[in-house]
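Read through the structure below, which is laid out as structure tokens, and then see the notes.
Computed from the coordinates by the stated procedures, all read-outs in this text should not be read as laboratory data. Keep in mind it's a predicted model, so treat the numbers as computed, not measured. Ideal geometry is used to build each Cβ from the backbone, glycine not excepted, and the neighbour counts take in all protein chains shown.
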Amino acid sequence: MHHRLLRILALAFVALVILQSLLGGALFFRSVGIGADQIVSHYGDKSFHGLIEVILPHALFIGIALMATLHFLAFIPTLGVAIKQFATHALFLLFFLDQSSVLLIAAGWSTAAYLKIIAFIGFELLLGWVWYLIFRHTLKELV
Amino acid sequence: MKFNATKKLSDNRPLRTVMIWMLLTLITAMGLNLTAKAIDYGTDPAQWEKSILGNEAEFADPLSLNELLLRVHTDLFALILIFILVAALAVRTSHSLRVKMGFLTITLTGLILYPLSLLMTPWLGSGGVFTAAAAFLVFHGFMIVGALDILITLLRGKL
């Protein structure tokens, strides 16, 4: 029964991180926009301190959220090691690309806006796929 | 590096000490969050309503949807971590399954209702503000009591 409660807790955590990601996405689209020009004008106007104020909490939360999410993935016995390794490396790399592109934009390299769009969408899609795998496996074990 | 898993936290003294300090820190954080919201929005529903929906007579502007999104996004960051850390310990306690499920259901409902109803205030009006305030208080109340219960259990060496 203890393990069943932990599985429910795992599902709750994944659901909460999904909610937080959706809210973050909505905030990004409303306050920044999805076009490259909008991204350049938003981040180009920010000071280095202003950028750190955004990047720091994201690095903290995403680091913890990815660790928690991916450790559930690591415990799925039916998935191969190669898939787990790919998902882990790709998610962290895409996150680093997404955040560092903002610094590049602020430094004057406006083409990095496209890098941000690709990294952001790639990160969301890959994370969505990982959540799907975890949900599918956890539900199978619960039922 | 080799990790040793333990069934009873009290068997591992350093781990027990870490959990005790973590709970003390989380209880303090929740107390500070309640204080911060009392300063931001007020201490009764009418003050919350005025701070969030604005008041024409007093020339107070309502909070924009972008501002609400930013506040909710920032708040959830801390609340999700607090929920997971306390709930992961709560499921290890010797309480009945009904008590543990009740605790998880109430706190999780509060944690989901608070941000969603706060975001819906431009459409729901005072109903949304009241739901958000109630969910916020219920979540913090239950989490503080739950964390205190786990803390006492840990101090007595029963977890």
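Could you check the spin-label model distance between A:PHE86 and A:SER41? Points 7 Å from the Cα along Cα→Cβ, value in nm.
4.0
For the protein assembly as shown, just the Cα atoms, rotate onto the principal axes and tell me the three extents in Å, largest first.
So the three principal-axis extents are 58, 57, 36 Å.
Scaled to the compact-protein estimate 2.2 N^0.38 Å, what is the alpha-carbon radius of gyration of the range B:12-155, rounded to two decimal places?
1.17
Across peptide B:88-101, how many C-beta atoms of other chains are within 10 Å of each residue C-beta, on average?
Counting other chains' Cβ atoms within 10 Å and averaging over B:88-101 gives 2.
If R0 is 51 Å, what FRET efficiency do you get for A:GLU53 and B:SER126 from their C-beta distance, rounded to 0.05?
0.95
In nm, to one decimal, how far is the modelled label at B:SER94 from the one at A:LYS140, with both set 7 Å along Cα→Cβ?
3.7
Where the eigenvalues come from the Cα gyration tensor of the range A:2-142, what are the semi-axes √(5λ) of the equivalent ellipsoid, largest first, in whole Å?
Three semi-axes, in Å: 32, 15, 12.
Just counting partner chain Cβ atoms within 10 Å, what average do the residues of peptide B:137-146 show around their Cβ?
0
With axes computed from alpha carbons, what is the tilt in degrees of helix A:81-106 against the longest principal axis of chain A, rounded to the nearest 10 within 0 to 90?
The helix A:81-106 is inclined about 20 degrees to chain A.
Would you please calculate the Kirkwood hydrodynamic radius of the range A:69-132 over all C-alpha pairs and express it in Å, rounded to one decimal?
Value: 12.7 Å, from the Cα pair sum.
From the convex hull of the Cα coordinates of the range B:114-159, what is the mean projected area in square nanometres?
3.2
Angle check, please: helix B:97-119 long axis (alpha carbons) against the longest principal axis of chain B (alpha carbons), in degrees 0 to 90, nearest 10.
30
Given the rule -39500 (n - 2.57) for each run of at least 4 DSSP H residues, summed and divided by the residues of chain A, what is its mean residue ellipticity at 222 nm, to the nearest 500 deg cm²/dmol?
After summing the helix terms and dividing by residue count, I get -30500 deg cm²/dmol.
Quick check on the range A:1-84: what are the equivalent-ellipsoid semi-axes from the Cα gyration tensor, as sqrt(5λ), descending, whole Å?
Here the semi-axes work out to 34, 14, 13 Å.
For the Cα atoms of chain B, what angle does the longest principal axis make with the long axis of helix B:13-40, in degrees from 0 to 90, nearest 10?
Tilt relative to chain B: about 10 degrees.
Per-residue Cβ counts within 10 Å, from other chains only, averaged over B:67-79: what number is that?
The mean count of partner-chain Cβ atoms within 10 Å per residue comes to 4.
Show me B:138-147, B:100-109, A:85-94 ranked by packing, highest mean number of other Cβ atoms within 10 Å first.
Top to bottom by mean Cβ count within 10 Å: B:138-147, B:100-109, A:85-94.
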